[in-house]
1. Residue check, residue 59 against (1) outside any loop (DSSP other than H, G, I, E, B); (2) more than 18 Å from the chain's Cα centre (by Cα); (3) not polar (S, T, N, Q), all met but one. Which one?
2. State whether one or more residues within segment 137-144 are touching a strand residue (DSSP E or B) at 6+ places or on another chain (Cβ under 9 Å), part of a strand (DSSP E or B), β-branched (Val, Ile, Thr) and touching a residue at least 12 places away in the same chain (Cβ under 8 Å).
3. Can you run down the residue pairs with Cβ atoms below 9 Å, 6 or more apart or on separate chains, where the first is in segment 83-105 and under 20 Å from residue 129 (Cβ atoms) and the partner is charged (D, E, K, R) and part of a loop (DSSP other than H, G, I, E, B)?
4. Does residue 235 satisfy the condition of being among the β-branched types (Val, Ile, Thr), surrounded by 23 or more Cβ atoms within 10 Å (Cβ to Cβ) and closer than 23 Å to residue 52 by Cα?
5. Please determine, by comparing only the residues of segment 148-192 that are hydroxyl-bearing (Ser, Thr, Tyr) and in a loop (DSSP other than H, G, I, E, B), which one is modelled with the lowest pLDDT.
6. Please go through segment 109-119 and pick out each residue that is surrounded by fewer than 23 Cβ atoms within 10 Å (Cβ to Cβ) and within 19 Å of the chain's Cα centre (by Cα).
7. Please work out if residue 168 is of a type outside the set (Asp, Glu), under 23 Å from residue 136 (Cβ atoms) and surrounded by 14 or more Cβ atoms within 10 Å (Cβ to Cβ).
8. Out of all the residues in segment 186-198, which are over 16 Å from residue 66 (Cα atoms) and surrounded by fewer than 22 Cβ atoms within 10 Å (Cβ to Cβ)?
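The values are calculated or read from the model by the stated rules, or taken from the named source; none is laboratory data. Since this is a predicted model, take the numbers as computed values, not measurements. Note that each Cβ is placed from the backbone with ideal geometry, even for glycine, and that neighbours are counted across all protein chains shown.
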Amino acid sequence: MIKTLPCGDKSLDLQIPQIMGILNVTPDSFSDGGLFVSVDAALQQSRNMIAAGATIIDVGGESTRPNAATVPTQQELNRVIPIIEALRKEFPDIIISIDSSKPDVMLHAMVAGANFINDVNALQAEGAMAVAREHNAAVCLMHMQGRPRTMQQAPHYQDVVSEVLVFLQHRVSQCTEYGINQDNIVIDPGFGFGKTLPQNLLLVKHLERFVDLGLPLLVGFSRKSMIDRVIDKPVDERVYASVALATIACFKGANIIRVHDVSETIDAVKLCHAVRDA
């Protein structure tokens with residue numbers, strides 16, 4: 001049983017499911033773009049999520065929604081670093097995640113106080129693994145077919161579950177061979193990142209195969225378009241369906257649930273964990 005996740009000089013208890021609160025400090029994220037771009041607004045949203053039970057705050061300065069534009073490194077740094085510094089000052093014990101694929105952003109975020117790297121590109125950029133290793137950061141390796149601009153243009157797999165598993169196993173091997181401690185590694189199948197609705201649903205249905213790899217499993221469904229494909233509702237009306245998916249994932253063994261709506265998710269996850277472990 002996975003017990004703890006090292007995160008720099010801190011650790012995260014994985015004997016119970018943990019909630020990662022999404023803090024997008026971007027003008028164009030699909031759900032909350034523009035709401036938390038100032039330090040004051042970002043801090044208040046973080047206070048709300050932490051009070052509701054989030055143990056990780058995931059700070060992102062570049063949208064990875066389908067068709068999202070690339071953000072220059074300096075602009076991304078200008079968005080995230082002041083907020084990470086303010087978060088670390090106010091919440092010395094919280095786990096702060098940097099949601100980025102750029103090694104320079106990862107590095108500056110670590111210096112500013114982050115201790116978790118959440119990378120949709122699975123540390124494949126040159127220099128990314130070095131930052132993770134040197135700072136003993138927790139790292140989430142996610143699967144994505146293609147790139148955000150093009151990933152939803154007819155994604156194709158022969159066997160989506162097996163292919164995502166093979167990719168994640170390969171990246172874990174490459175990271176550990178580079179010197180990253182396997183205990184620091186989290187995996188994420190990448191729901192909505194180069195997958196159709198049937199492919200996403202198959203990944204949910206077979207999540208236990210990812211749990212069987214013996215690594216912490218992070219999942220993120222919150223408010224995503226895969227939900228709209230089933231219930232036909234706009235972003236701000238997908239909360240209950242997001243909670244339902246979080247509950248399914250928890251029951252199948254997911255360790256970290258990445259969400260916008262912390263208070264709405266955490267009671268369901270706690271109860272699911274109690275039933276699963278009864």
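1. Of everything listed in (1) outside any loop (DSSP other than H, G, I, E, B); (2) more than 18 Å from the chain's Cα centre (by Cα); (3) not polar (S, T, N, Q), residue 59 misses just condition (2).
2. Checking segment 137-144: at least one residue is touching a strand residue (DSSP E or B) at 6+ places or on another chain (Cβ under 9 Å), part of a strand (DSSP E or B), β-branched (Val, Ile, Thr) and touching a residue at least 12 places away in the same chain (Cβ under 8 Å).
3. Close Cβ pairs (under 9 Å, with a partner that is charged (D, E, K, R) and part of a loop (DSSP other than H, G, I, E, B)) amount to 99/62; 100/62; 101/62; 102/62; 103/126; 105/62.
4. Answer is no for this residue.
5. By that ranking, first place goes to 150.
6. Once the filter is applied, which keeps residues that are surrounded by fewer than 23 Cβ atoms within 10 Å (Cβ to Cβ) and within 19 Å of the chain's Cα centre (by Cα), segment 109-119 yields 110, 113.
7. Considered against the rule, which asks whether it is of a type outside the set (Asp, Glu), under 23 Å from residue 136 (Cβ atoms) and surrounded by 14 or more Cβ atoms within 10 Å (Cβ to Cβ), residue 168 comes out as yes.
8. 198
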